[in-house]
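The values are calculated or read from the model by the stated rules, or taken from the named source; none is laboratory data. Keep in mind that what you see is a predicted model, and the values were worked out from it rather than measured. Cβ coordinates were reconstructed from backbone atoms using ideal geometry, including for glycine residues, and neighbour counts include every protein chain displayed. Heads up: the accessible areas ignore ligands, DNA and RNA and are worked out on the full protein's heavy atoms, side chains in. Shrake-Rupley method; radii C 1.70, N 1.55, O 1.52, S 1.80 Å.
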Amino acid sequence: EDPAHHGPARLTLEHDALHRARRSDTAVRGITGPAPETASDKPHRTIYDAGHQQVVPGTKVHSESDPPAKDASVNRAQAGLGATFELYLKVYGRHSIDGKGLPLDATVHYGEKYDNAFWDGRRMVFGDGDNTIFLDFTIPVDVIGHELTHGVTQYTANLEYSGQSGALNESVSDVFGSLIKQYALGQSAGQADWLIGEGLLAPQVTGKALRSMKAPGTAYDDKTLGKDPQPATMKGYVETASDNGGVHVNSGIPNHAFYLAATALGGHAWERAGQIWYDVLTGGHLAKNAQFADFAALTVTAARARYGTGEEAEALLKAWSTVGVTAK
């Protein structure tokens, strides 16, 4: 009821719809930014400042070779872009978002009290949050990795952003966002918190993060923000016309399947479980309109192709069965 809360939220939603449409259009038309002739093993990052206006890219404030800035948002954006680049290169041999060394651009301080961060098809854009529910969106490195992974998906499987394929699109971003955080911290699957957006909620909000892959539906329960609506299994699957068919809600199901598989396998989650997800995303067999069961089947196939019929495939079959998805 408080306009101080619902005002920024509504404005953010209105503009998010525009930017998601722009991202989809960019993917459909195959628009790409300039890439170096030879892909480098070093990122090429440029940070811009929107000056609290709803403009992109804004004013250039930081280049790759510059020393740390006085603006913490600029430095966090720079670091998050770098952490994402590093995981994809060092673990999966991928040069940047497009696999060809695409320069990584980001805009900070977008809009007034803008409650989100997004990949618009060409660059990362960060809002400062309203400071009553959300803080600065450059804070969680997994949120940065999540949004940049939308770019990876754009250049690979290009999953349709609605229904189960849209939930898979969101889930893939959560998976690799979490892996980027775990890789940066050197954490094993057992050590990780499996939270998405930890540190983003304002101190007065009752909650830990935006989402939990370990226990979907438990990330927050707040009088203003509401309760985390994510289901962990197909029994709780939400049929809705909002949120492009519940893409941010039902993504909890494949998220939980990944968590179960990764923790069952142990060690570093980016190694075996993450490699399987990456193989599916980039393998060329994932349809744009894939459903949960289609994705599940491809993960099992990818596991057997890379590791044989051992514990990797068995862990996946058990994980998908636990969340109520049959790997066809």
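What the table below lists for this structure:
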read-out: Filtered residues of the range 209-236 (kept if free of Cβ contacts under 8 Å to residues at least 60 places away in the same chain, under 22 Å from Lys318 (Cβ atoms) and open to solvent by less than 60 Å² (accessible area, probe 1.4 Å)); value: Ser212, Met213, Ala215, Pro216, Gly217, Gln230, Pro231, Gly236
read-out: Conditions (1) closer than 27 Å to Leu13 by Cα; (2) not assigned by the TED database to the domain that holds Arg306: number failed by Ile180; value: (2)
read-out: Residue satisfying all of: in the range 11-23; of a type outside the set (A, V, I, L, M) and surrounded by 12 or more Cβ atoms within 10 Å (Cβ to Cβ); modelled with the lowest pLDDT among these; value: Arg23
read-out: Checking Asn289 against (1) open to solvent by less than 50 Å² (accessible area, probe 1.4 Å); (2) in contact with a helix residue (DSSP H, G or I) (Cβ under 8 Å, 6 or more places away or on another chain), the condition it does not meet; value: (1)
read-out: Subset of the range 95-109 [touching a Leu at 6+ places or on another chain (Cβ under 9 Å) and in a loop (DSSP other than H, G, I, E, B)]; value: His95, Ser96, Ile97
read-out: Criterion (open to solvent by 10 Å² or more (accessible area, probe 1.4 Å) and in contact with a Ser or Thr (Cβ under 7 Å, 6 or more places away or on another chain)) met by exactly one of Gly190, Gly163, Gly177, Gly145; value: Gly190
read-out: Condition check for Glu198: touching a His at 6+ places or on another chain (Cβ under 8 Å) and surrounded by fewer than 24 Cβ atoms within 10 Å (Cβ to Cβ); value: no
read-out: Among (1) assigned to a helix (DSSP H, G or I); (2) closer than 23 Å to Pro216 by Cα, the one test that Ala327 misses; value: (1)
read-out: Number of the condition not met by Thr138 [criteria: (1) free of Cβ contacts under 8 Å to residues at least 12 places away in the same chain; (2) open to solvent by less than 10 Å² (accessible area, probe 1.4 Å)]; value: (1)
read-out: Filtered residues of the range 145-197 (kept if free of Cβ contacts under 8 Å to residues at least 60 places away in the same chain, assigned to a loop (DSSP other than H, G, I, E, B) and touching a helix residue (DSSP H, G or I) at 6+ places or on another chain (Cβ under 7 Å)); value: Gly197
read-out: Gly252 vs. criteria under 27 Å from Ser321 (Cβ atoms) and either buried (at least 24 other Cβ atoms within 10 Å of the Cβ) or touching a strand residue (DSSP E or B) at 6+ places or on another chain (Cβ under 7 Å) (or both); value: yes
read-out: Residue identified as open to solvent by 60 Å² or more (accessible area, probe 1.4 Å) and at pLDDT 95 or above among Asp66, Asp49; value: Asp66
